[in-house]
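Undergrad: Can you keep this structure in mind? I'll have questions shortly.
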Amino acid sequence: MNVAICDDNINYSKLAENYIREIVGPRRALNIDIFLSGQKLLESINDKTYDIVFLDIEMPGINGIEVAQRLREKDKSVIIAFLTNYSEFATKGYEVSAFRYILKEEPESMIKRQVQSIVNEYYRKQKCLVANIKGVRITIKISSIIYLEVMKRVIYVHTASGKTYQFYSTLNNMLSRLEGFGFVKTHQSYVVNMSFIESIHVNSVVLKTGQSIPLSRVLKREVETAYVSYLASL
């Protein structure tokens, strides 16, 4: 697990690091990098990717919201959590799909519970889909799947990395294999990862990537209900 903590307060960064190490435990692989400015963090992601990024919001130079926007442009699946003293920025966190918004003034026990939920989300996202492509067994991280579509019995799996995998299967079979991971069928030819949904319209689902996926009139209510339940579970 690669974690970045970006906060201009080194003392709080060290405290957050201790919380994370305590929760992850000594037996699991863990690397934590601390950055005292958003600029330093952004420079580092040219050579390294992070699974989880903890961001302060009020920092000199580039603030945490701007850093999160840049991170999200580069990596749609990174888990972003804000660590801040200011509750008024919470709505901004949703704009960059932040997983958690942690107030530094909260009791230690509450902060640890929040960090635990973030770590749990990381391990949940490590689950993989196994497929055979031209005789080769490959694994696709489920959390990286944006949506699946079927054309002439061929499944196309579109991922956050920009790579598309294709193999023979049925959409219903794929939906069954992805049960419990937040996927919903929007159309007879499409299944969408709800973590990538930006908005639901009359006949389409708009994704955070900007893509528009067809939404069947027959499935619209089912999709809306599933999405509300998904959001409530976060």
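Undergrad: Search the structure for amide H atoms under 5 Å from the amide H of Ile155, placed 1.01 Å from N in the peptide plane, and list their residues when 5 or more places away or on another chain.
TA: Phe167, Tyr168, Ser169
Undergrad: Quick one: which residues, 5 or more positions from Gly182 or on another chain, have an amide H under 5 Å from its amide H? H modelled 1.01 Å from N in the peptide plane, none for Pro or chain starts.
TA: Residues meeting the amide H criterion: none.
Undergrad: Tell me, what HN-Hα J-couplings in whole Hz come from the Karplus equation 6.51 cos²θ - 1.76 cosθ + 1.60 at θ = phi - 60° for each residue of the stretch 191-208, using x for Gly and Pro?
TA: Karplus-based 3J(HN,Hα) across the stretch 191-208 equals 10, 10, 7, 5, 5, 9, 6, 9, 7, 10, 10, 4, 10, 7, 10, 8, 9, 5 Hz.
Undergrad: Sticking with this one: Using a cut-off of 14 Å between beta-carbons, work out the net charge of the residues near Leu30 (Lys and Arg +1, Asp and Glu -1, Leu30 not included).
TA: On the way: positive: Arg21, Arg27, Arg28; negative: Glu17, Glu22, Asp33, Asp51.
Spelling it out: positives minus negatives among the neighbours equals -1.
Undergrad: Indicate the gyration tensor shape class of the stretch 2-125 (rounded, prolate or oblate), computed on the Cα atoms with a ≥ b ≥ c the square roots of the eigenvalues: a/c under 1.5 is rounded; otherwise a/b larger than b/c is prolate and the rest oblate.
TA: rounded
Undergrad: If the viscosity is 0.692 mPa s and the temperature 37 °C, what translational diffusion coefficient in µm²/s does Stokes-Einstein give for the chain when Rh comes from Kirkwood over Cα pairs?
TA: On the way: Rh = 19.0 Å.
Rounded, D is 173 µm²/s.
Undergrad: Roughly how tilted is helix 64-74, in degrees to the nearest 10 and between 0 and 90, from the longest Cα axis of the chain?
TA: 30
Undergrad: Amide H of His187: which non-local residues (sequence gap of 5 or more, or other chain) have their own amide H closer than 5 Å, using H built in the peptide plane?
TA: So His187 has HN proximity to Ser216.
Undergrad: May I ask which of Lys48/Lys152; Lys134/Lys220; Lys14/Lys74; Lys104/Lys127; Lys40/Lys185; Lys48/Lys220 have a Cα-Cα span longer than 29 Å here?
TA: Where the Cα-Cα span goes over 29 Å, the pairs concerned are Lys48/Lys152; Lys134/Lys220; Lys104/Lys127; Lys40/Lys185; Lys48/Lys220.
Undergrad: Which residue, chosen from Thr164, Val53, Val206, occupies the Cα position most advanced towards the positive end of the dipole of the chain, where the dipole is computed from +1 (Lys, Arg) and -1 (Asp, Glu) charges on Cβ about the Cα centre?
TA: Thr164
Undergrad: From the square roots a ≥ b ≥ c of the eigenvalues of the alpha-carbon gyration tensor of the stretch 191-234, which class results: rounded (a/c under 1.5), prolate (a/b over b/c), or oblate?
TA: Oblate, since a/c reaches 1.5 and b/c is not below a/b.
Undergrad: Right, something else. Taking the Cα centroid of the stretch 199-233 and of the stretch 148-171, what is the distance between the two, rounded to the nearest whole Å?
TA: Going from one Cα centre to the other spans 19 Å.
Undergrad: Now, a different point. Work out how much length Ile10 to Lys74 would gain on full extension: take 0.36 nm times their residue separation and subtract the Cα-Cα distance, in nm to one decimal.
TA: That works out to 20.4 nm of additional length.
Undergrad: In the stretch 127-193, which trypsin sites (Lys or Arg not before Pro) fall in coil by DSSP and have 10 or fewer other Cβ atoms within 10 Å? Don't skip to the end; give the middle numbers.
TA: Working: sites: Lys127, Lys134, Arg137, Lys141, Lys152, Arg153, Lys163, Arg177, Lys185; in loops: Lys127, Lys134, Lys152, Arg153, Lys163.
Taking the stretch 127-193 and a limit of 10 other Cβ atoms within 10 Å, the loop trypsin sites (Lys or Arg not before Pro) found are Lys134, Lys152, Arg153, Lys163.
Undergrad: Enter the angle in degrees (range 0 to 90, nearest 10) between the Cα long axis of helix 10-24 and the first principal axis of the Cα atoms of the chain, meaning the one along which they spread out most.
TA: So the helix axis and the longest Cα principal axis differ by about 50 degrees.
Undergrad: To the nearest 20 Debye, how big is the dipole of the chain about its Cα centre, given +1 on the beta carbon of each Lys and Arg and -1 on that of each Asp and Glu?
TA: 1360
Undergrad: Using helices alone, what [θ] at 222 nm do you get for the chain, with -39,500 (n - 2.57) per DSSP H run of 4 or more residues, divided over all residues and rounded to the nearest 500? List each step's numbers first, then the result.
TA: Working: 7 runs with 78 residues, N = 234.
Calculated mean residue ellipticity at 222 nm is -10000 deg cm²/dmol.
Undergrad: Which whole-Hz couplings ³J(HN,Hα) result when phi for each residue of the stretch 29-37 is put into the Karplus expression 6.51 cos²θ - 1.76 cosθ + 1.60, θ = phi - 60°, listed in order with x for Gly and Pro?
TA: Once rounded to whole Hz, the list reads 5, 8, 10, 10, 10, 10, 10, 9, 8.
Each reported figure results from applying straightforward, stated rules to the coordinates on display, with no laboratory input. Just so you know, these numbers come straight off a predicted model, no measurement behind them. Cβ coordinates were reconstructed from backbone atoms using ideal geometry, including for glycine residues, and neighbour counts include every protein chain displayed.
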